[in-house]
Amino acid sequence: MTMRTVRSNLQKTCLCLALLAASGACAADFNLDALIAIIRSRDVRSVEQTLALLPPELRDSYTLAFASRSLQDATPSAPRAILFGRDARLVVSFNGDSGTRGYDALEAMQFDERSNSFHFREVTFPSTGEGALVSEDNPARCAACHGRPARPIWDSPPSWPGIYGERYRTGLSKTESAGMTAFLARQPNDPRYRYLIGARRFGERATYVTSAHALYNGDGFDSPNAHLSKLLATMNARSLVSEIANAPAFSPHRYVLLAAAEGNCGSVTSFFPGALQSALTQGMAVYRRSSAAAVSAQEAAKRMRRASRSDGYRAGVAASDPIALRFIAEELVGLPPQRWSLALEANTFDLASPEGALSLDQLFFEKLAASEPQLRDLRSFRTFTTTDAYCAELRSRSERELSNFYGAVGAQRLIAYGRAAAPDETPRPPALDHCVACHNGDVGPALPFGEPAALRSRLTAGGYPRGRLLDEILYRLAPQAGPARMPRDINLTPVEQQGLENYFMQLVAQQGPRVD
């Protein structure tokens, strides 16, 4: 890049910022860096002042949450507004009730197309009137729920519990309608919500349900929630493919990863050398059992979170858990276990999205075809039969690559699954990670959930509203705790709740009898 180009880009950015601050222009170039630059350069000291400077495009495309488990709370009449603009590469959110959590802050997320990664920042405006406080990139407060690598949290269709229009292609329920009426009554004159463009449409059925005329003409239609799902699902797929491609053993596994993502070339075990297939089948069976209940558990949890218990319209989407792909990526390629789905229930893997979102198989194929263009021709003439030349070629290439990679002792190189805990070791439930993430001292009170020995001695300590720390934790894990239920970022399934309860009680039991 020449110095002339650098100067030109800098001048363009400066001009854009100046115009934006004055009139909301240059929306296409507006990003998180520009937002922070405006807040700092103009000494912005409130959420309201910031909203006035956002591009109209960002304030015209948004969704409204009437119930929230995030650091920003929400109520039906004072929802959390999630602004995502044309492409959701920048998302900004705020709420509107001074008595709720997160009122003094803007939350922002940006998708970096160069690294295919998500970045979160929090901008807080102190009530004392001091200058804005901008967090570091992906701070611990955000990572506690969004994980590392960070991902947005947004339910997959056909429902978005807690978001107006929560049932796919179904109008507002009675509960939603009452809340929306209260919100629209205050919106035009509210110091924050008045900056939202076109809020009245959120009370209209046509915003959520396509008309018969539009269906007949084949016109495209997406509710705000479905549109955001499509955009976030595409970015999430790009992020996942990028991370898998950077994992240690991606190259020799690239053909079987593509076959697993596409899911229509037969069993993925046939893409491995014959000597490995038995061990692979056993490993996949263990992995599959651990994931078997995930989709049904997620749907049950989502139903509990919805204001309406009915499912609404389901056509066009179905739960999608790429078990074979996850197994190969995490257990063989070296991708660290992580959040795949954007759903609130972090231990589920539903990647369902509305039509139009880029999928993992599309992105994997384009990545391979960029350097192996002959695959494009083979794919163009697929027969989808047992003699499909495209699948046969992928299988042949995969066997050759994996034979070289695993070598003569390939079966021993496959990871062992389901190892039993040592006799003196208390099995660690996966849901404990949520406790560790939140109670590192930055979000919740500092508690040593990641250190069993230290936690063991703390669990019997008293001074909590319900007695010992153990008693407090057991109460907070149960649905009866209501808004105080923990972990805040998920709704535990009964199995997850029982696993955590057993873990904590077993730690206490290792100390000996309880002394009251």
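The values are calculated or read from the model by the stated rules, or taken from the named source; none is laboratory data. As the structure is a computational prediction, the values presented were derived from the model and not from experiment. Ideal geometry is used to build each Cβ from the backbone, glycine not excepted, and the neighbour counts take in all protein chains shown. Please note that ligands, DNA and RNA were not included when accessible areas were found on the heavy atoms of the full protein model with its side chains. Shrake-Rupley method; radii C 1.70, N 1.55, O 1.52, S 1.80 Å.
What's the number of the only condition in (1) buried (at least 16 other Cβ atoms within 10 Å of the Cβ); (2) modelled with pLDDT of 95 or more that Ile197 fails to meet?
(1)
Tell me which residues, restricted to the stretch 39-56, are assigned to a helix (DSSP H, G or I) and under 18 Å from Tyr193 (Cβ atoms).
Residues of the stretch 39-56 assigned to a helix (DSSP H, G or I): 39-41, 47-53, 56.
Within the stretch 39-56, Val47, Glu48, Gln49, Thr50, Leu51, Ala52, Leu53, Pro56 meet the criteria.
Taking the condition in contact with a helix residue (DSSP H, G or I) (Cβ under 6 Å, 6 or more places away or on another chain), under 30 Å from Ala245 (Cα atoms) and assigned to a helix (DSSP H, G or I), does Ala108 pass?
Values: in contact with a helix residue (DSSP H, G or I) (Cβ under 6 Å, 6 or more places away or on another chain): yes; under 30 Å from Ala245 (Cα atoms): yes; assigned to a helix (DSSP H, G or I): no.
No.
State the number of residues belonging to the stretch 260-287 that are among the aromatic types (Phe, Trp, Tyr) and in a helix (DSSP H, G or I).
Going residue by residue through the stretch 260-287, those that are among the aromatic types (Phe, Trp, Tyr) are 271-272, 287.
Then drop every residue that is not in a helix (DSSP H, G or I), which leaves 271, 287.
Summing the residues that are among the aromatic types (Phe, Trp, Tyr) and in a helix (DSSP H, G or I) in the stretch 260-287 gives 2.
Regarding the stretch 374-395, can at least one residue be identified that is in contact with a Gly (Cβ under 7 Å, 6 or more places away or on another chain) and either at pLDDT 85 or above or part of a loop (DSSP other than H, G, I, E, B) (or both)? Talk me through it step by step, then tell me what you get.
Start the filter on the stretch 374-395 by keeping residues that are in contact with a Gly (Cβ under 7 Å, 6 or more places away or on another chain), which leaves 391.
This time we only want the ones that are either at pLDDT 85 or above or part of a loop (DSSP other than H, G, I, E, B) (or both), so: 391.
Yes, the stretch 374-395 has at least one match.
Please go through the stretch 57-89 and give me each residue that is outside any loop (DSSP other than H, G, I, E, B) and open to solvent by 50 Å² or more (accessible area, probe 1.4 Å), ordered by number. First the steps, then the outcome.
Restricting attention to the stretch 57-89, the residues satisfying the condition of being outside any loop (DSSP other than H, G, I, E, B) are 57-60, 62-65, 80-83.
Selection gives Glu57, Asp60.
Criterion first (without any contact (Cβ under 8 Å) to a residue 24 or more places away in the chain and either more than 30 Å from Leu258 (Cβ to Cβ) or in contact with a Lys or Arg (Cβ under 6 Å, 6 or more places away or on another chain) (or both)) does Leu172 satisfy it?
On the way: without any contact (Cβ under 8 Å) to a residue 24 or more places away in the chain: no; either more than 30 Å from Leu258 (Cβ to Cβ) or in contact with a Lys or Arg (Cβ under 6 Å, 6 or more places away or on another chain) (or both): yes.
Spelling it out, it is not the case that Leu172 is without any contact (Cβ under 8 Å) to a residue 24 or more places away in the chain and either more than 30 Å from Leu258 (Cβ to Cβ) or in contact with a Lys or Arg (Cβ under 6 Å, 6 or more places away or on another chain) (or both).
Could you list, in sequence order, the residues of the stretch 31-53 that are closer than 19 Å to His119 by Cα and open to solvent by less than 50 Å² (accessible area, probe 1.4 Å)?
Leu32, Ala34, Leu35, Ile36, Ala37, Ile38, Ile39
Of all the residues that make up the stretch 171-182, how many are buried (at least 20 other Cβ atoms within 10 Å of the Cβ) and touching an Asp or Glu at 6+ places or on another chain (Cβ under 9 Å)? Write out each step before concluding.
From the stretch 171-182, those buried (at least 20 other Cβ atoms within 10 Å of the Cβ) are 172, 176, 179-180; that's our starting set.
Of the ones still in play, those that are also touching an Asp or Glu at 6+ places or on another chain (Cβ under 9 Å) are 172, 176.
Count: 2.
Out of everything in the stretch 98-111 that is under 25 Å from Arg40 (Cα atoms) and open to solvent by 30 Å² or more (accessible area, probe 1.4 Å), what residue ends up being modelled with the lowest pLDDT? Please lay out each step first, then the result.
Taking the stretch 98-111 as the starting set, the residues that turn out to be under 25 Å from Arg40 (Cα atoms) are 98, 101-111.
So of that shortlist, the ones also open to solvent by 30 Å² or more (accessible area, probe 1.4 Å) come out as 98, 101, 103-104, 107, 110.
Details: Ser98: 94, Arg101: 91, Tyr103: 96, Asp104: 95, Glu107: 96, Gln110: 97.
Per the criteria, the residue is Arg101.
Restricting to the stretch 59-117, count the residues that are closer than 20 Å to Ser223 by Cβ and acidic (Asp, Glu).
Result for the stretch 59-117: 2.
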